[in-house]
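**Student:** Take this structure first; my questions come after.
The values are calculated or read from the model by the stated rules, or taken from the named source; none is laboratory data. What you see is a predicted model, and the numbers here were worked out from it, not measured in a lab. Please note: Cβ atoms are built from the backbone with ideal geometry, for glycine as well, and neighbour counts cover all protein chains shown.
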Amino acid sequence: MDIHERRFNRDIKVLRSPERIELLEVKRVVDLCLEGLNLKKVLDVGTGSGLFAEAFAGRGLKVTGVDVNPEMIAVAQGYVPEGRFQTAPAEAIPFPDQAFDLVFLGLVLHETDDASLALQEAHRLARMRVAVLEWLYQQEEPGPALEHRLEEGQVGRLAQNAGFETMGQTPLKHLVLYLLHP
């Protein structure tokens, strides 16, 4: 397998369609990620077009985003000019330990070359919380084919192996939000 062969390679505009924003429940997801914590700095891993980075910045957070696709970085920077964006894979993010209050992985864990290593990196970088947004494990449109989705319990096992102490899980309409605590 080529490194990062599963990265998004379709029309970037699709990532910001009103239908997709509604499908991803962006406002609700951001609310849940921030709930109960006083956060200042967030890292958006696999930032894509910067949709969630923009939502976090709109809440007054200092936003940094990484993505393996340099085209995505340019688009995200356009939507969040005050953010800091750079090219990097989820498995090797060039920031110091505990550099962020929140590390957010929005529909990216299933796309990584090594989900275990990606969660270990998130654990290393997060001071207070890691949030993982993933598709429900069921065949449905929208979203990827079932074989590209993470199976029930897989995120929990990966999180435990990465050293997370606790995990909460919130089912959404088509997605699941996992809140992990280092």
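**Student:** Among the residues of the stretch 79-117, how many are touching a residue at least 24 places away in the same chain (Cβ under 8 Å) and not in a loop (DSSP other than H, G, I, E, B)?
**Tutor:** 15
**Student:** Please go through the stretch 40-74 and give me each residue that is of a type outside the set (Asp, Glu), in a helix (DSSP H, G or I) and in contact with a strand residue (DSSP E or B) (Cβ under 9 Å, 6 or more places away or on another chain), ordered by number.
**Tutor:** Within the stretch 40-74, 51, 52, 53, 56, 57, 70, 72, 73, 74 meet the criteria.
**Student:** In addition: How about the stretch 122-150: which of its residues are modelled with pLDDT of 90 or more, of a type in the set (D, E, K, R) and out of contact with any strand residue (DSSP E or B) (no Cβ under 6 Å at 6 or more places or on another chain)?
**Tutor:** Of everything in the stretch 122-150, those that are modelled with pLDDT of 90 or more, of a type in the set (D, E, K, R) and out of contact with any strand residue (DSSP E or B) (no Cβ under 6 Å at 6 or more places or on another chain) turn out to be 124, 147.
Let's see how each residue does on (1) assigned to a strand (DSSP E or B); (2) without any contact (Cβ under 8 Å) to a residue 12 or more places away in the chain; (3) in contact with a Lys or Arg (Cβ under 7 Å, 6 or more places away or on another chain):
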position: 128; (1), (2), (3): yes, no, no
position: 141; (1), (2), (3): no, yes, no
position: 150; (1), (2), (3): no, no, no
position: 173; (1), (2), (3): no, no, no
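**Student:** Residues 166, 112, 170: which one is out of contact with any Gly (no Cβ under 7 Å at 6 or more places or on another chain), surrounded by 20 or more Cβ atoms within 10 Å (Cβ to Cβ) and polar (S, T, N, Q)?
**Tutor:** 112
**Student:** Among the residues of the stretch 57-74, what is the count of those that are of a type outside the set (S, T, N, Q) and surrounded by fewer than 20 Cβ atoms within 10 Å (Cβ to Cβ)?
**Tutor:** 7
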